[in-house]
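Below is one structure, written out as structure tokens, with a few remarks after it.
The values are calculated or read from the model by the stated rules, or taken from the named source; none is laboratory data. None of these values were measured; they are calculated from a predicted model. Glycine also receives a Cβ, built like all others from the backbone with ideal geometry; neighbour counts cover every protein chain displayed. The accessibility values were calculated without ligands, DNA or RNA, using every heavy atom of the protein model including side chains. Shrake-Rupley method; radii C 1.70, N 1.55, O 1.52, S 1.80 Å.
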Amino acid sequence: MTDYIIGISLHQYVKQQCTNRQVKESVCRKFFKQISEAFDYLHHRGIAHRDVKLDNILIEDKTNMIKVIDFGFAAFCSNTQKLKIFCGTPSYMAPELVRKHEYDGRHVDMWALGVLLYALLAGAFPFRGQNEHELYGKIQRGQLKFPETMTREARQVITRLIEIDPRKRYRASELMREPWI
């Protein structure tokens, strides 16, 4: 069964409602808490979305409830199974994906959540390039530059999500215990 949602994507929200495409931290925290809860639910059930991005998160008009959409790349994952399919949106891809290594889809989701959070708070993506090769090189290095306007607490969450080593990245359940959330 599919729900019909009246609302807009986070991407549309950022373009229409936000100065400099930056979401106020207090609003961002409310949205990101719901997003984190959704991914904790999915990952607990062994489902990796694999295409986390602003366009795939909806905000319902009347309730401001977050809805995750577009499960076209979603896959079931076990703790021992690694995925091989190269998929997703380049700006949100984790290093293991751009290197075309086998990966845990849930770890890839967590990286993408870090990119999403950075984009919401900073108004830009953490990694940009003139082409995919340049973009992928920056992703593999994982060096972040934060705007001065971003709080230390938000930076810490993003740093734990956008972590080169997937074993050191926040898991969805760990993210739920993060005080900033």
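For ARG50, the residues whose modelled amide H falls within less than 5 Å of its own, excluding neighbours fewer than 5 places apart on the same chain, are ASP109. Of the listed residues VAL27, VAL115, the order by accessible area with a 1.4 Å probe, largest first, is VAL27, VAL115.
For ASP61, the solvent-accessible surface computed with a 1.4 Å probe is close to 90 Å², ligands and nucleic acids excluded. Note on MET65: accessible area is roughly 90 Å² with a 1.4 Å probe, heavy atoms of protein only. Listed values for the range 99-110 are Karplus-derived 3J(HN,Hα) couplings in whole Hz (6.51 cos²θ - 1.76 cosθ + 1.60, θ = phi - 60°), namely 7, 6, 8, 5, 8, 8, x, 5, 5, 5, 4, 5, and x replaces Gly and Pro.
Extension gain, ASP55-GLN130: 0.36 nm per intervening residue step, less the Cα-Cα distance, totals 24.8 nm. Rolling a 1.4 Å probe over the heavy atoms of the protein chains gives the chain an accessible area of 55 Å² per residue.
In this structure, the amide hydrogen of LEU83, modeled 1.01 Å from its nitrogen in the peptide plane, lies closer than 5 angstrom to those of TYR103, ASP104, GLY105, counting only residues at least 5 positions away or on a different chain.
Residues whose amide H comes within less than 5 Å of that of LEU144, counting only those at least five positions distant or on another chain, are absent (H built at 1.01 Å from N in the peptide plane). Select from PRO147, LEU83, LEU10 the residue farthest towards the positive end of the dipole of the chain; place +1 on Cβ of Lys and Arg, -1 on Cβ of Asp and Glu, and compute about the Cα centre. Value: PRO147. Of SER9, SER78, SER26, the order by accessible heavy-atom surface (1.4 Å probe, DNA, RNA and ligands excluded), from most exposed downward, is SER26, SER78, SER9. Answer rounded, prolate or oblate for the range 41-92, using the Cα gyration tensor with square roots of eigenvalues a ≥ b ≥ c: rounded when a/c is under 1.5, else prolate when a/b is larger than b/c, else oblate. Cα axes put the range 41-92 in the oblate bin.
Across the range 4-11, coupling constants 3J(HN,Hα) worked out from phi with the 6.51/-1.76/1.60 Karplus curve, θ = phi - 60°, read 9, 10, 9, x, 9, 6, 4, 4 Hz, and Gly and Pro carry x.
The 1.4 Å probe gives accessible areas that order HIS101, HIS43, HIS49, largest first, as HIS101, HIS43, HIS49. In the range 45-121, Cα pairs under 8 Å separated by at least six residues give a relative contact order of 36 percent.
Mean separation of Cα pairs under 8 Å and 6 or more residues apart, divided by the residue count, gives the chain a relative contact order of 24 percent. Taken one residue at a time, the phi angles of the range 12-23 give Karplus couplings (6.51, -1.76, 1.60, θ = phi - 60°) of 5, 4, 4, 5, 8, 10, 10, 6, 6, 6, 9, 8 Hz. Gly and Pro are set to x. With a Förster radius of 25 Å applied to the beta-carbon distance between ARG177 and VAL27, the computed FRET efficiency rounds to 0.70.
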